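The values are calculated or read from the model by the stated rules, or taken from the named source; none is laboratory data. What you are looking at is a predicted structure, and each value in this text was computed from that prediction instead of being measured. Positions of Cβ are generated from backbone atoms using ideal geometry, with glycine treated the same way; all protein chains shown enter the neighbour counts. Ligands, DNA and RNA are excluded from the accessible area calculation, which covers all protein heavy atoms including side chains. Shrake-Rupley method; radii C 1.70, N 1.55, O 1.52, S 1.80 Å.
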Amino acid sequence: MSIRPSALVSVAAASVALTVLTGCSEAAETAAPKLPERTCFGVFSRSDLGPLVGKGKEVKESGPADMQLTALRRTSTCSVDVDGRGRFLASATRQPLEQSFFWNAQLIKPPADPLPLGDKGIVYDTGARVLLVCKGSGEPFQVELAISGSIDQVEKGGSRPLFTQLMKKFVEAGRQQTKCGI
């Protein structure tokens, strides 16, 4: 049985084409997903959250447009998912001053570091929390701001500085949007 040279060329070309197409398909699946320009209450930019979202095809943000809180709307939460997996979460919770937020920092391993933002704050490997005491012209209240995220894609030792920078932005926006101290 003899094989014509043109048949060998055709098989080789098909093999190369299949390899190229497979490579393109894999690259499309592992590309960084396109985040909206602003996310989570309009606070975070695409570049802010880029290190946390990782690879994937589809980004879904859920949550309200702002974190304005009242005695009736006591919490506001935003999440960013990539291909159905949670990658980032930001929340703001309001409650009266006489109640307190409970943070069991002793259970966080490795231990949390103090975060010099707001009235009390901590940062840990997968997130950060800050307490704001809000006294203004109205009824005094307090707000807890919390962020957390998937650190699978973050360079080792880089998550706490990242969450510290994200929380600085969140505190600034949180004071304005929740009318803390106004």
Between Leu107 and Lys135, what is the label-point separation in nm under the 7 Å Cα-to-beta-carbon projection? 3.1 nm
Exposure of Phe88 as accessible area (Å², to 10), given a probe of 1.4 Å and all protein chains: 10 Å²
Which order do you get for Lys179, Lys135 if you rank them by accessible area with a 1.4 Å probe, largest at the top? Lys135, Lys179
Run the 1.4 Å probe and let me know the accessible area of Thr77, rounded to the nearest 10 Å². 70 Å²
Taking a ≥ b ≥ c as the square roots of the Cα gyration tensor eigenvalues, with a/c under 1.5 meaning rounded and otherwise prolate when a/b beats b/c, else oblate, which class fits segment 90-182? prolate
